[in-house]
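Comments concern the structure below.
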Amino acid sequence: RTPIAKLRLAIEMLTGPDDAALVDSMRRSTAELEAVTDQFLYYARQDNPADFIETDLNSIVLESLDRYRGGRDEPPSARPVRIKVGPPCSLALHPESISRALGNLIQNAQRYGGGSAEVVTDFRDGIATVSVLDRGPGIPPEEVEMLKKPFARGSASVGTSGTGLGLAIVERIAKAHQARFELLPREGGGLEARLQFERAAATSDPGFRVARDS
């Protein structure tokens, strides 16, 4: 990250009145470079099971979406994210990784899914599910497994920026949590990106349920 920090400093030193357009362009390019570097570094890391904490999945999802909305992972557009939270359940999770997975899936939904995204959690029969849904063109069945591999780009990504690591990172996070990651056709059209965790346990507040826009 050090060369990027140096670039940022150099850009901020260009303060002449005739440099405004150039500085703005360079800031955008540097932000894109930083995002690409961040994806590479995150793909290379390995989650330590010792860092997993037993926590309510819904709480992690809600906190992740709050950070995603207002922090460095803020989406490039103001399109809303609809949240529907099901019954609470307890899982051993790595919060930062779950937040990263959700951020990647929401960005994909907004970039390729034709508009707003919806995040839905559910818990039944000992299985907890987090789904990110959109109403885009979906993914051809023959591309699904390929898109989970690093540096893969699908037919829908032609003409768009990206590293080809977003879904590969989600797949790696799912495996670290012994979860299943699926890309499925959504009923009525679109895509459902689903993370499914087994061996979940109910929490002490079975009435907790939230539905809201972020």
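The values are calculated or read from the model by the stated rules, or taken from the named source; none is laboratory data. The structure displayed is predicted, hence computed values, not measured ones. Every residue, glycine among them, receives a Cβ derived from its backbone with ideal geometry; neighbour counts consider all protein chains shown. The protein model used for the area step is the full one, side chains on, heavy atoms only, and it has no ligands, DNA or RNA in it. Shrake-Rupley method; radii C 1.70, N 1.55, O 1.52, S 1.80 Å.
For the set LEU14, LEU147, the ranking by accessible area, highest first and with no ligand, DNA or RNA atoms included, is LEU14, LEU147 under a 1.4 Å probe.
Close amide H partners of GLY136, meaning residues 5 or more places away or on another chain with modelled amide H under 5 Å apart, are LEU191. Applying 1/(1 + (r/R0)^6) with r as the Cβ-Cβ distance of GLN196 and GLU142 and R0 = 22 angstrom yields a FRET efficiency of 0.50. In this structure the amide hydrogen of VAL81, modeled in the peptide plane, comes within under 5 Å of the amide hydrogens of SER214, none closer than 5 places in sequence on its chain. Bridgeable lysines around LYS148 (alpha carbons under 26 Å apart, same-chain partners fewer than 8 residues away excluded): LYS84, LYS175.
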